[in-house]
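S.K.: Below are the structure tokens for one structure; questions will follow.
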Amino acid sequence: LVALSGGPDSIFLTNILIEISENYNLKIGAAHINHMLRGKEADEDEAYVRSFCEKAGIDCFVKRVDINRIVKERGISSEMAGREERYKFFEELRKEHSYDKIALAHNLNDQAETILMRLMRGTGLEGLVGIKAKRDGIYIRPILCIERNEIEEYCLEKKLKPRIDKTNLENIYSRNKVRLELIPYIK
């Protein structure tokens, strides 16, 4: 089961898995959550994912979740609410459809951001490990060693036209500040 947002990373991962699926006898399905945070753009992401999966001939599972409602009910951040809802959905699908792995599209840039964020918060040695390639024997991150620019080049080459979440380009979340300001400054 691939977590498929419709963005470059998850489109890249899904397409790669589709390309190798016959050689490795993989049954691929995609899970997409519409967090209902970005109105029409989020609906267009959902439509893109459905269309991508239909053309690729893979199962597509979509769930709409009102993250703003969950934030108010639970008193947690939208990032935390979104993460919790995604993982809950992945687990439901894994059990219901007998998927043995859930593939997440974290890449090398995400790894750098995570380590820097943990350093800033203060972390021990375990935190410096960063994002693990495997977790709980179920969650895998096959593209953790690939840089974002390589992913974007592949998407261009394959004419995949992934969706771009414009909130990733705004300094409204801590991770975005690390991505957009700190890492370029360090470079």
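The values are calculated or read from the model by the stated rules, or taken from the named source; none is laboratory data. None of these values were measured; they are calculated from a predicted model. Positions of Cβ are backbone-derived with ideal geometry, glycine not excepted, and every protein chain shown enters the neighbour counts. These accessible areas exclude ligands, DNA and RNA; they are computed on the full protein's heavy atoms, side chains included. Shrake-Rupley method; radii C 1.70, N 1.55, O 1.52, S 1.80 Å.
S.K.: Expected output is a single nm value to one decimal: the length gained when fully extending between R83 and K40, i.e. 0.36 nm times separation in residues minus the C-alpha distance. What is it? Intermediate values should be presented prior to the final figure.
M.R.: On the way: separation 43, 0.36 × 43 = 15.48 nm, distance 2.11 nm.
Contour length minus Cα-Cα distance gives 13.4 nm.
S.K.: Let me ask another. May I ask you to give the solvent-accessible area per residue for region 103-148, in square angstrom, as obtained with a 1.4 angstrom probe? Each step should come with its number before you reach the end.
M.R.: On the way: 2550 Å² over 46 residues.
That works out to 55 Å² per residue.
S.K.: Averaging sequence separations of C-alpha pairs under 8 Å and six or more residues apart, then dividing by the length of the chain, give the relative contact order as a whole percent. Show your work: numbers first, answer last.
M.R.: On the way: 234 pairs, mean separation 45.3, N = 187.
Once divided by the residue count of the chain, the mean separation gives 24 percent.
S.K.: Using the Karplus equation 6.51 cos²θ - 1.76 cosθ + 1.60 (θ = phi - 60°), what ³J(HN,Hα) coupling, rounded to whole Hz, does each residue of region 102-115 give in order, writing x for Gly and Pro?
M.R.: 10, 8, 10, 9, 5, 10, 4, 5, 4, 4, 4, 4, 4, 4
S.K.: Going from the alpha-carbon gyration tensor of the chain, what semi-axes, largest first and in whole Å, does one get by taking the root of 5 times each eigenvalue? Mind dumping the intermediate values first?
M.R.: Working: eigenvalues 124, 84, 66 Å².
After scaling each eigenvalue by five and taking roots: 25, 20, 18 Å.
S.K.: So which of K40/K134; K63/K159; K101/K187; K27/K187 end up more than 32 Å apart, counting from Cα to Cα? Walk me through the numbers on the way to the answer.
M.R.: Details: K40/K134 34 Å; K63/K159 27 Å; K101/K187 35 Å; K27/K187 40 Å.
Violating the 32 Å Cα-Cα cut-off are K40/K134; K101/K187; K27/K187.
S.K.: Same structure, new question: Based on the Cα atoms of region 62-103, what semi-axes does the equivalent ellipsoid have, where each is the square root of 5 times one gyration tensor eigenvalue, given in whole Å with the largest first?
M.R.: Details: eigenvalues 112, 18, 10 Å².
After scaling each eigenvalue by five and taking roots: 24, 10, 7 Å.
S.K.: Go ahead and run the numbers for FRET between E150 and I186, Cβ-Cβ distance against an R0 of 22 Å, rounding to 0.05.
M.R.: Numbers: r = 20 Å, r/R0 = 0.90.
In this case the efficiency is close to 0.65.
S.K.: For a Förster distance of 25 Å, can you work out the FRET efficiency between the beta-carbons of K177 and K132, rounded to the nearest 0.05? Each step should come with its number before you reach the end.
M.R.: Details: r = 24 Å, r/R0 = 0.95.
Efficiency, rounded to the nearest 0.05: 0.55.
S.K.: Can you give the extra length, in nm with one decimal, that the chain gains between K159 and D66 once fully stretched, where that is 0.36 nm per residue apart less the Cα-Cα distance? Provide the component values of the computation, followed by the final result.
M.R.: Working: separation 93, 0.36 × 93 = 33.48 nm, distance 3.19 nm.
Here the segment from K159 to D66 would lengthen by 30.3 nm.
S.K.: Give the carbon-plus-sulfur fraction of the accessible surface of the chain in %, rounded to a whole number; probe 1.4 Å, heavy atoms of protein chains only. Don't skip to the end; give the middle numbers.
M.R.: Numbers: 5760 of 11110 Å².
Here it works out to 52 percent.
S.K.: Given the Cα-Cα distance of N25 and L125 and 0.36 nm per residue of separation, how much length would full extension add, in nm?
M.R.: Extending this stretch completely gives an extra 32.2 nm.
S.K.: Can you list, by residue number, the Cys in the chain that have no neighbouring cysteine C-beta under 4.7 Å?
M.R.: So, C145, C155.
S.K.: Name the residue, out of R121, R135, R163, whose mean-square fluctuation peaks in a Gaussian network model built on the chain with Cα pairs under 10 Å.
M.R.: Checking each option, the largest mean-square fluctuation is seen for R121.
S.K.: Shifting gears a bit: Work out the charge dipole of the chain with +1 on the Cβ of Lys and Arg and -1 on the Cβ of Asp and Glu about the Cα centre, then indicate which of G130, I146, N34 is farthest towards its positive end.
M.R.: Farthest towards the positive end: G130.
S.K.: Would you mind checking which residues have amide H under 5 Å from V62's amide H? H placed 1.01 Å from N; only 5 or more apart, or other chain.
M.R.: Correct list: H32.
S.K.: Sort 28-37, 2-11, 153-162, 107-116 by the packing proxy (mean of other Cβ within 10 Å over each peptide's residues), most packed first. Could you put the intermediate results ahead of the total?
M.R.: Numbers: 28-37: 20.9, 2-11: 24.1, 153-162: 13.6, 107-116: 18.8.
Ranked from most to least packed, the peptides come out as 2-11, 28-37, 107-116, 153-162.
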